[in-house]
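To keep things clear, I will list the structure first and then write my remarks on it.
A short reminder: the numbers here are calculations on the coordinates, not readings from a lab. Nothing here was measured: the structure is a model prediction, and the numbers come from that model. Cβ placement follows ideal geometry from the backbone for every residue including glycine, while neighbour counts extend to all protein chains displayed.
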Amino acid sequence: MKNKKTIYKKNENFLKYEELSWKKISELDKDKTVFFLPISPMEEHGPHLPVGTDLLIISDAVKEAIKTLNSKKPEFTCILMPAVPLGFCKFNTDFPGSISISSKIIRDIIFSIGSSLGEHGFKYFVVCTYHMALGHLRGIYSAINKLESKYNMKTVEPWGPYFYNNMVQEREPKLGFDTSKEVHACFRETSVMKYQYPYLVDESYRNLQSIYRDLNSPRLIGKKFKDIGLSEGYIGSPARADADYGRWFFSETVNMLASATLDLISGKKKGELPGNIQKTMKAMFWQ
Ligand SMILES: [Zn+2]
């Protein structure tokens, strides 16, 4: 589409899917258009963070990543799709606020959206989630595999491989405590929210005791949070949250989304989930 700049809104340099007509969509260069889909559930995030934490962070990060891509690859058009507030989080539906959608439905949603693009010859689709539950990723990854084999679409979910290969621990500034057990509504998420949405972080976070669980341990799979002693709904040490770290972590997320997309369009090999994570994910029942 030659005149993409003319439909950018003031102060925004990306296109929103819902604002385009079919005509404008049909004029896009199929080989040079990338669609971004933010998707994460409404899910309890401890007593101190909002249920939309994952969706808010990932949606903001995608917008920033698109700005980076527009300057690095101006010949490409990036389209932001409306954020989907859905995901699998059955394990903490014992708290009000969590809405869990089955892995199968997540798969069908991603596949339906991707295939609607693939049917019209579009080639690049980036599924953006901050929610790392394996039941959620199972739905996403089985949709991605189906899309790639059926439509020859290049599709990626950038955060899972980054997160599960412990890249964040390798790259983050030294903190003086073990960050490998920060899992949910934890030090990291509370820090990003303090940076991005300070008015949405309840001050009670300062008094929350550290608590740790390995949710992917076979012993805990299938159990709900309260059954494994997570009475407040967080895993990690939110009391340590720090807005400066939040700024680093947010920009790391932005850079990672942008670089995974650059790799995708330049045909580089995608990051992969580690073997043990793939094995656990595949062994889970569809639920
Ligand atoms: Zn989260």
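Size of the dipole of the chain about the Cα centre, Lys and Arg at +1 and Asp and Glu at -1 on the beta carbon, nothing else charged, in debye to 20?
Values: 40 positive and 32 negative charges, 185 e Å.
Computed charge dipole of the chain: roughly 900 debye.
Remind me, relative contact order of the chain in percent, using alpha carbon pairs under 8 angstrom and six or more residues apart?
Values: 509 pairs, mean separation 63.6, N = 287.
Rounded, it is 22 percent for the chain.
Counting other Cβ atoms within 10 Å, which GluC sites (Glu not before Pro) in segment 226-286 have at most 10 and lie in a DSSP loop? Walk me through the numbers on the way to the answer.
Working: sites: GLU232, GLU252, GLU272; in loops: GLU232, GLU272.
Listed in order of number, the matching sites amount to none.
Could you work out the local net charge near SER210, counting Lys and Arg as +1, Asp and Glu as -1, over the other residues with Cβ closer than 15 Å to its Cβ? Spell out each step's value before the answer.
On the way: positive: LYS181, ARG188, ARG206, ARG213, ARG240; negative: ASP178, GLU182, GLU189, ASP214, GLU232, ASP242.
Residues close to SER210 contribute a combined charge of -1.
Going down the table (LYS150/LYS270; LYS67/LYS104; LYS104/LYS279; LYS146/LYS279; LYS32/LYS268), which pairs top 21 Å between alpha carbons?
On the way: LYS150/LYS270 18 Å; LYS67/LYS104 33 Å; LYS104/LYS279 18 Å; LYS146/LYS279 18 Å; LYS32/LYS268 16 Å.
Violating the 21 Å Cα-Cα cut-off are LYS67/LYS104.
Nearest 0.05, what FRET efficiency do GLU148 and ASN276 give at R0 = 22 Å with Cβ-Cβ as r? Spell out each step's value before the answer.
Numbers: r = 23 Å, r/R0 = 1.04.
That gives a FRET efficiency of 0.45.
List the residue ranges in the chain for DSSP H helices whose C-alpha atoms run 27 angstrom or more along the long axis and whose Kyte-Doolittle average is -0.5 or above.
Details: long enough: 53-72 (29 Å, 0.20); 243-265 (33 Å, 0.39).
In the chain, the long hydrophobic H runs are 53-72, 243-265.
How much net charge surrounds TYR162 when only the other residues with a Cβ under 14 Å from the Cβ of TYR162 are counted, with Lys and Arg +1 and Asp and Glu -1?
Numbers: positive: ARG171, ARG188, LYS270; negative: GLU157, GLU170, GLU172, GLU252, ASP263, GLU272.
Value of the local net charge: -3.
Given H placed on each backbone N at 1.01 Å, which residues far from SER40 in sequence or on other chains put an amide H within less than 5 Å of it?
VAL84, LEU86
Report the Stokes-Einstein translational diffusion coefficient (µm² s⁻¹, integer) for the chain, Rh taken as the Kirkwood radius over Cα pairs, at 37 °C with viscosity 0.692 mPa s. Present the calculation step by step, with values, prior to reporting the outcome.
Details: Rh = 19.5 Å.
Rounded to a whole number, D works out at 168 µm²/s.
Sort the following peptides by mean Cβ neighbour count (other Cβ atoms within 10 Å, averaged over residues), highest first: 24-36, 102-114, 52-64. Mind dumping the intermediate values first?
Values: 24-36: 16.6, 102-114: 19.5, 52-64: 22.3.
Put in order of decreasing packing, that is 52-64, 102-114, 24-36.
Using only Cα atoms, locate the centre of segment 227-285 and the centre of segment 183-226, then give the distance between them in Å, rounded to an integer.
Rounded to whole Å, the Cα centres lie 14 Å apart.
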